[in-house]
1. Over the chain, what is the mean sequence separation of C-alpha contacts under 8 Å (at least six apart), divided by residue count, expressed as relative contact order in percent?
2. Between Lys140 and Leu225, how many nm apart are label points set 7 Å from Cα along the C-beta direction?
3. When mean projected area of the Cα convex hull in nm² is calculated directly from the model, which label among (1) 13.5; (2) 19.4; (3) 15.1 fits?
4. Between Phe17 and Ile4, what length in nm is gained on full extension when 0.36 nm per residue of separation is reduced by their alpha carbon distance?
5. Just the number please: accessible area per residue for the chain, 1.4 Å probe, all protein chains included, in Å².
6. If I take every Cα pair under 8 Å that is 6 or more residues apart in the stretch 1-51, average their sequence separation and divide by the length, what percent do I get for the relative contact order?
7. Using +1 at the Cβ of each Lys and Arg and -1 at the Cβ of each Asp and Glu in the chain, identify which of Pro85, Tyr20, Ile155 lies farthest towards the dipole's positive end.
8. Could you compute the longest span of the chain free of GluC sites (Glu not before Pro) located in DSSP loops and having at most 14 other Cβ atoms within 10 Å, not counting the site residues?
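The values are calculated or read from the model by the stated rules, or taken from the named source; none is laboratory data. Just so we're clear, the structure is a prediction, and the values are computed from it rather than from any experiment. With ideal geometry, Cβ positions are generated from the backbone for all residues, glycine too; neighbour counts draw on all protein chains shown. Calculation scope for accessible area: heavy atoms of the full protein, side chains included, ligands and nucleic acids excluded. Shrake-Rupley method; radii C 1.70, N 1.55, O 1.52, S 1.80 Å.
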Amino acid sequence: MKLIEQVSADAVGKFTFAVYPVYAFVETGDPELLGTCFAIEYRNRKFLVTAAHVIDNHKHAALALGTPFSNELVAIERLFHLVDPGDKPREDDPFDFAWHELTAEEARIIACIPEDNIENRRSHEGGTGLYMAMGFPVSKNKKISPDDRRARRLIPLMFRYTNLQADADEYFKKRGMSPETHIAIKRENRSINEDGKEENTIGPKGLSGGPLINTGLRLPFSSILPPKVGGMILEKDEKSQVIVALRLSVVLQHIDATIGRFSSL
């Protein structure tokens, strides 16, 4: 338990500063929480990563990020690259990712996870990995107090959930996924909160697009590796009791292919 507490605290300290809630920003009403995103440095450039359905669902709204440390909204350009679902509806898309290269102004404001702290390929370490999901659940971010509304201030509440990697081969096969491209962790109805108390696990709606952190701890224990962002949260499945993420390496490959194509023009 001490090891789990240690690696969890390390992950919180290392990554939460670059995880953001995504809002549909409307001048005449309260911002609507759409999901979560995170910012990374990659090949000396800076990117936002999120789930495509977070962007798809509000194509005509202005987007803004909540910044937990300043309680302000940061407007984001809508120039997102979305993976093409082909002839499938987005909800059936097993990849479902989107990314946006930060403008110079956005990069000045938005803190990013350094490239050394992201996984650009699948780890083949033995054992079962311990992962942490991070994001902003709708259930904890529904209401804005009258005082905060008058001050046009947001105080987003982040949720973190830690559990072991799950064997989800049957679910992957059904969804057109694979262990090479996706990660699943167990989702249980009861969990330990940050105060060490057992409680009902918060519903994951709103966590879509957030990072899944490989804490570096694997069981049976042999050693602890540095924590890294291993994936982007996509969905949960009640029947299989898993939370599923797309490996970040898939998104990075798409960035490489797109940036390379633009560079050759």
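1. Reported as a whole number, the value is 22 percent.
2. In this crude spin-label approximation the distance works out to 2.8 nm.
3. Among (1) 13.5; (2) 19.4; (3) 15.1, the one derived from this structure is (3).
4. Working: separation 13, 0.36 × 13 = 4.68 nm, distance 2.07 nm.
Using 0.36 nm per residue and subtracting the Cα-Cα distance, I get 2.6 nm.
5. Numbers: 13610 Å² over 265 residues.
It amounts to 51 Å² per residue over the chain.
6. Details: 48 pairs, mean separation 12.2, N = 51.
Relative contact order here is 24 percent.
7. Farthest along the dipole direction, towards plus: Ile155.
8. Values: sites that count: Glu27, Glu77, Glu125, Glu180, Glu188, Glu194, Glu238.
Counting at most 14 other Cβ atoms within 10 Å as exposed, the longest clean stretch of the chain is 126-179.
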